[in-house]
Amino acid sequence: GIDTRKLSLQEFSGLRWLFFSVVQVPLWAFAVNFLHGWAFGLFHSGTLAFISRESKPELRATAQTVFMAGTMGLAGSLGALSGGYLYDAVGTRTLFQMSAAGLFACAVLQWAVLRDKRSPFPQGERRA
């Protein structure tokens, strides 16, 4: 079935964004931002482990490069551009609420789509 650890990371990040939409004390915002390090670290290392397990050895470096280009390059650029636009258009509070809602929606969608799907490879087995 679905890996609930990935859903937990999405929900964890969604809670972080939701908190930012209501916080009024800067020290609390600073404290909750430490959660980002944990969520990002777990997401990044988990995704690289998944890529390593699921890709053929001769394509592993390519798969990791595509992942890095997508998450750090394309997604970062699009996120900065759209975030700046939305910040101006709707304000900080609404932007953070929209971010939280988007993450929660992705978690629900991921659960709905993947709940019955199984990896073609047993856990721990690598492609040859």
The range 83-100 - phi-based ³J(HN,Hα) in whole Hz, Karplus 6.51/-1.76/1.60, Gly and Pro as x: x, x, 5, 5, 4, 5, 6, 10, x, 5, 4, 5, 4, 5, 5, 5, 4, 4
Theoretical gain in end-to-end length, Thr65 to Thr92 [0.36 nm per residue, Cα-Cα removed]: 6.4 nm
Might you work out the accessible area of Glu11 for me, using a 1.4 Å probe with all protein chains in place, and round it to the nearest 10 Å²? 80 Å²
Provide the per-residue ³J(HN,Hα) series for the range 12-25, in order, calculated from phi with Karplus coefficients 6.51, -1.76, 1.60 and θ = phi - 60°, each as a whole number of Hz, with x at glycine and proline positions. 4, 5, x, 5, 4, 5, 4, 4, 4, 6, 10, 5, 10, 9
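The values are calculated or read from the model by the stated rules, or taken from the named source; none is laboratory data. Since the model is a prediction, treat every value here as computed from it, not as a measurement. Each accessible area value is taken on the protein alone, full model and side chains, heavy atoms only, with ligands, DNA and RNA left out. Shrake-Rupley method; radii C 1.70, N 1.55, O 1.52, S 1.80 Å.
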